[in-house]
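Here the structure comes first, spelled out in structure tokens, and everything after it is commentary.
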Amino acid sequence: MRYSRSFIPTLREDPAEARKNPSHRLLLRGGYVRQIGAGIYEFLPLGLRVLKKVEGIVRAEMDRAGALEVMMPALVPADLFKETGRWDLFGSTLFRLKDQKRNDYHLGPTHEEVITDMVRATVRSYRQLPINLYQIQWKYRDEARPRAGLLRCREFLMKDAYSFDVDEAGALASYRTMREAYIRIFKRVGLDFRIVAADSGAMGGSTSAEFQILAETGEDAIVVCTQCDYAANVEAATAKPVEAAAVTVEASTQRPKEVATPGKKTIEEVAEFLGVDATKTVKAGAFLYGKAPGDAGQLVLVFVRGDRRINEVALARETGAQWLRPAEDEELTARGVVAGYIGPQGLPAGVEKVLVDRELTSAVDTIVGANKAGFHVKHMSMPLAVNALGERASWADLRAVGKGDLCPSCGGGLEEYKGIEGGHIFVLGTHYTAKMGAKFLDDKSQEKHIVMGCYGIGVSRLVAAAIEQRYDESGIRWPMAIAPYHVIITALQNDGAVMETAVKLYEELTALGVEVLLDDRDERPGVKFKDADLLGVPLRLTVGKKTLDQGKVELKARTEKDVSLVDVSAAVELVASRVKAELA
RNA sequence: CGGGGAGUAGCACAGCCUGGUAGUGCACCAGCUUUGGGAGCUGGAUGUCGCGGGUUCAAAUCCCGCCUCCCCGACCA
């Protein structure tokens, strides 16, 4: 492509509304995309080339794994979601609309119901299974807060595959096949990623894993063991409990004693006031939760070590809550609980449920709230307190795990990283097929529900994630596999031998299947260099009078500092082989 | 959904407090010069000042209502 004939409206300055996020900023500045609304984007030619490259890799690997591509409607009649209850469960995130007959529809945020409907209408026998169907389509979610450019959109390109098997073992095999395909995809795209254990959330599945792309700007926190292959989203992470020996036990015989802590409510305040470390205190959290939308909230008190944070996802899992939120002070007062001074002993009868983090099994001499304004209790033993609460209390893993914790599987150190969720794979079981009556006859003439799995990749999100992982102050640094062009030829003079040589290189490389952007614009060299860096094309061939007089052109990689002078006659072969090598 | 900020030319912004012919830089067009890391000079074109209403002789500016976008948080199958 000749730059002079292309449509690449680069911006010299940062758009005001995209300064916070590198990929957003660079995609806009590089003329890849344009924002047209919150979380809604146009893909310009360059952006579309990148998107199609990612899509192509995903498609190739899905096909290789035996999945079959289908196309489903984005506009979906509400009946299907009503069958599984997701019409209500999805809540405000679902884009809903009515047709002229006032019937309900939604824009597909994901297509489990639609694909299950397709399968239940056509599959009758175990002989038709297993099958894996996938789609690469625009999906819609009315995000409460779209942000970070392509990373969290309301309209986004998604690959979703859905597997259907005769039993759990089959589903697990399908899951493993997808897992392998995903590894190939993320590697081919050129991403640094980790496969982490994930919370299955409301998908109702059992086995699941996330493919997290490591990036400073990631929204997710993950922990990775430095010694084994344990890795988990912090929402799902557990850690080896701290050994009892690590806690002082000599004072455990002391009797609990109330101390005045007037006005000291937070752990920081209490710890400082009493002159102890936060680890020697216990933090209380109070939450209201319900098991169905619109339930009257039920109160649960949570205790973790003072320096810990409560993992609300783990709490939701433990309580079976469908929704969960911190309780307001007034709601606590109404139940006889004193906000800021909550402790495990002497709790009012209004408190029916208490969960204590397992780490506190060793907390035999700790500081807790006194359930009385202005007082805390020293020398409290959490195990004794839990016993005293009887059936109201139980132990659970509720603390947010982080750096410094020990690996639950090998005891090694855990590191914490930020990640962008690029893919998520689930075994769903019969969650959807049972609700929707997707059945088949097995080889014993028994009617059974199909066992399902689903596997998503955020295709448009990967475009942004790749940038988040690879950029510098000058612009993007695309991996070869998804770069809009493999090489940019920068012609420093716009005429004579320089342009002739540039065109010749362009034509020869193109003939070899190398994708070339020829900067033949009537611009000064500085402008061309700046744009080349901003666009992030992996290789740059610079043709200029100075070096051409000696029969040379310059070759530079976007990720390297050095420039190498190469013979014009050797340039094509050199570039072509390098491109081929990086794509392999 | 709670809190904060912002809407003026393609982009970045000033002007608003204190009402009086809408500005600056970059980009764009023309000419001359320049030509290896976002050139210089001269001239030019470009605006429903987010939308609607109100006050006023007069509104980008003051008042009321609305919309949109961004950031933090909540949320995120």
Restricting attention to segment A:33-52, report how many residues are assigned to a loop (DSSP other than H, G, I, E, B) and touching a residue at least 60 places away in the same chain (Cβ under 8 Å).
2
Give me the residue from segment A:73-98 that is over 26 Å from the mean Cα position of the chain (by Cα) and more than 14 Å from RNA strand B (Cβ to nearest atom) and, out of that set, nearest to A:Pro146 (Cα to Cα).
A:Leu97
For segment A:90-196, please list each of the strands (runs of 3 or more DSSP E) lying entirely inside it that holds at least 1 residues being surrounded by fewer than 15 Cβ atoms within 10 Å (Cβ to Cβ) and at pLDDT 90 or above.
A:95-98, A:131-140
Name every residue in segment A:366-404 that is open to solvent by 30 Å² or more (accessible area, probe 1.4 Å), closer than 16 Å to A:Ala278 by Cα and at pLDDT 80 or above, in order of residue number.
A:Lys378, A:His379
Every residue in segment A:498-524 that is within 12 Å of RNA strand B (Cβ to nearest atom), of a type outside the set (Val, Ile, Thr) and open to solvent by 20 Å² or more (accessible area, probe 1.4 Å), please.
A:Arg521, A:Asp522, A:Glu523, A:Arg524
Run down A:Arg578, A:Arg524, A:Arg558 and say which single residue is among the basic types (Lys, Arg) and touching a residue at least 40 places away in the same chain (Cβ under 8 Å).
A:Arg558
How many residues does segment A:563-584 hold that are in a helix (DSSP H, G or I) and of a type in the set (S, T, N, Q)?
2
For segment A:551-574: of the residues being aliphatic (A, V, I, L, M) and open to solvent by 60 Å² or more (accessible area, probe 1.4 Å), which is nearest to A:Leu534 (Cα to Cα)?
A:Val563
How many residues of segment A:1-37 are surrounded by fewer than 12 Cβ atoms within 10 Å (Cβ to Cβ) and of a type in the set (A, V, I, L, M)? The answer is 2
With respect to A:Glu210, determine if the residue is under 13 Å from the mean Cα position of the chain (by Cα), in contact (Cβ under 8 Å) with a residue 40 or more places away in the chain and surrounded by fewer than 19 Cβ atoms within 10 Å (Cβ to Cβ).
no
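State all residues of segment A:44-54 that are open to solvent by 10 Å² or more (accessible area, probe 1.4 Å) and within 16 Å of RNA strand B (Cβ to nearest atom); if no residue qualifies, say none. Please lay out each step first, then the result.
Residues of segment A:44-54 that are open to solvent by 10 Å² or more (accessible area, probe 1.4 Å), as a first pass: A:44-45, A:48-49, A:52-53.
If the condition is that a residue be open to solvent by 10 Å² or more (accessible area, probe 1.4 Å) and within 16 Å of RNA strand B (Cβ to nearest atom), then A:Leu44 is the only one that fits.
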Complete set of residues in segment A:466-495 that are within 13 Å of RNA strand B (Cβ to nearest atom), closer than 25 Å to A:Val568 by Cβ and in contact (Cβ under 8 Å) with a residue 24 or more places away in the chain:
A:Ile488, A:Ile489, A:Thr490, A:Ala491, A:Leu492, A:Gln493, A:Asn494
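So, in segment A:1-32, of the ones that are of a type in the set (A, V, I, L, M, F, W, C) and not in a loop (DSSP other than H, G, I, E, B), which residue ends up nearest to RNA strand B (Cβ to nearest atom)?
Step one: of segment A:1-32, the residues of a type in the set (A, V, I, L, M, F, W, C) are A:1, A:7-8, A:11, A:16, A:18, A:26-28.
Okay, now just the ones that are also not in a loop (DSSP other than H, G, I, E, B), so A:16, A:18, A:26-28.
Details: A:Ala16: 3, A:Ala18: 7, A:Leu26: 10, A:Leu27: 13, A:Leu28: 8 Å.
Step by step, filter segment A:1-32, then rank; the result is A:Ala16.
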For segment A:70-89, what are the residues that are open to solvent by 80 Å² or more (accessible area, probe 1.4 Å) and either assigned to a strand (DSSP E or B) or free of Cβ contacts under 8 Å to residues at least 40 places away in the same chain (or both)?
A:Leu75, A:Asp79, A:Lys82
Answer yes or no as to whether A:Thr116 is out of contact with any helix residue (DSSP H, G or I) (no Cβ under 8 Å at 6 or more places or on another chain) and within 16 Å of RNA strand B (Cβ to nearest atom).
no
Within the bounds of segment A:512-531, is there any residue that is in a strand (DSSP E or B), among the β-branched types (Val, Ile, Thr) and farther than 30 Å from A:Ile185 by Cα?
no
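Scan segment A:409-420 for residues that are under 30 Å from A:Val356 (Cα atoms) and buried (at least 21 other Cβ atoms within 10 Å of the Cβ) and report the count.
As a first pass, look at segment A:409-420 and keep what is under 30 Å from A:Val356 (Cα atoms): A:409-419.
Within this subset, residues satisfying the condition of being buried (at least 21 other Cβ atoms within 10 Å of the Cβ) are A:414, A:419.
The qualifying residues number 2.
The values are calculated or read from the model by the stated rules, or taken from the named source; none is laboratory data. None of the values given here were measured: they were computed from a predicted structure. Cβ sites come from the backbone with ideal geometry, for glycine too, and all protein chains shown count toward neighbours. Each accessible area value is taken on the protein alone, full model and side chains, heavy atoms only, with ligands, DNA and RNA left out. Shrake-Rupley method; radii C 1.70, N 1.55, O 1.52, S 1.80 Å.
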